[in-house]
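First comes the structure, then the notes that go with it.
The values are calculated or read from the model by the stated rules, or taken from the named source; none is laboratory data. The structure presented is a predicted model; accordingly, all values stated were derived computationally and were not measured. Cβ sites come from the backbone with ideal geometry, for glycine too, and all protein chains shown count toward neighbours.
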Amino acid sequence: MKSCKHIIGAAAVLAASLVTTQAQTISLWNFNSITPDALTTTGTLTPSIGSGAVSLVGGAASTFATGSPGDPASVSTDNSGMNLSTWAAQGTGNETRGLQVAVSTVGFANVSVSLDFRESGTVSRFWQLQASSDGVSFNNVSGGIASFGAVNNNTSTSFSSTGLYANTSSSGSQSFVQSVNYLFVSGSVYENNANFAFRWLAAFDPAAGGNYVSSFAGTTAAYSTSGTARFDMVTVASVPEPTSLTLGLLGMGAMIFRKRLVALR
Ligand SMILES: [Ca+2]
């Protein structure tokens, strides 16, 4: 039985390696200038990996500004992020302004989206992740797994399975929360879809009676339409659907496993 356990263990390792080594980036925006120019106030909206389009939702204006420490840019002075401003007036336009990202997921399963996100002290504390399967109609996400990485000098960061993000930024020099990630439920309509898109939108504080609160102070009074929200390392990733090679290897492994079991009896 010891040999049997070894075979089962080896099969498990093989299966795990086949799955875990195949997660890959479909598209990535690092916003850094294609030709390094030692300026973080310049950049590009062309993806650095893959294809797709980033665009503004609701007329927010954008510039470039210093990017995230999560960007492994070889030239730190050229690490740019996409900086959005011009938000809806207090009490209006809930979930109507922010960033939209459209990426084809054709040929891919287990889709996830990720971004590094920095809030100024006066921009909305709350943000809503929405997704679309047709590139036109967007709905709040649900059922997936929300997570985030390093928060740096931010506090009280949270991100729910229904895509509601909240964060308290620093009073002084604000920084990025890194790897804000949402993994859609396996088998979702966002897989293998040429029209997949997602939005990251400024949202009312659920507890503030139809108003925004500011990221730092958490008050309706301190909210400002000129606050800024900054993005970097905007990523759509996935685990590819099993290939014929993968299925063949798994089938071969199962056949060997069965033969060894018979031999051990
Ligand atoms: Ca960058």
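Structure notes:
- Among the residues making up the stretch 116-139, those that are closer than 15 Å to residue 228 by Cβ and either of a type outside the set (Gly, Ala, Ser) or free of Cβ contacts under 8 Å to residues at least 12 places away in the same chain (or both) are 116, 117, 118, 119, 122, 123, 125, 127.
- In this structure, residue 172 does not qualify as at positive phi, of a type in the set (Gly, Ala, Ser) and part of a loop (DSSP other than H, G, I, E, B).
- Boolean, residue 169 is free of Cβ contacts under 8 Å to residues at least 60 places away in the same chain, crowded, with 17+ Cβ neighbours inside 10 Å and within 18 Å of residue 125 (Cα to Cα): yes
- Of all residues making up the stretch 47-103, the number that are modelled with pLDDT of 95 or more, surrounded by fewer than 16 Cβ atoms within 10 Å (Cβ to Cβ), hydroxyl-bearing (Ser, Thr, Tyr) and not in a strand (DSSP E or B): 3
- Scope the stretch 193-207; condition part of a loop (DSSP other than H, G, I, E, B) and crowded, with 17+ Cβ neighbours inside 10 Å; matching residues: 193, 196, 204
- Sole residue being within 15 Å of the chain's Cα centre (by Cα), of a type in the set (Asp, Glu) and on the phi < 0 side of the Ramachandran plot, chosen from 134, 71, 78: 71
- Residue 126 passes every criterion in (1) over 22 Å from residue 206 (Cβ atoms); (2) buried (at least 19 other Cβ atoms within 10 Å of the Cβ); (3) away from the ligand (no atom under 16 Å from the Cβ) apart from (1).
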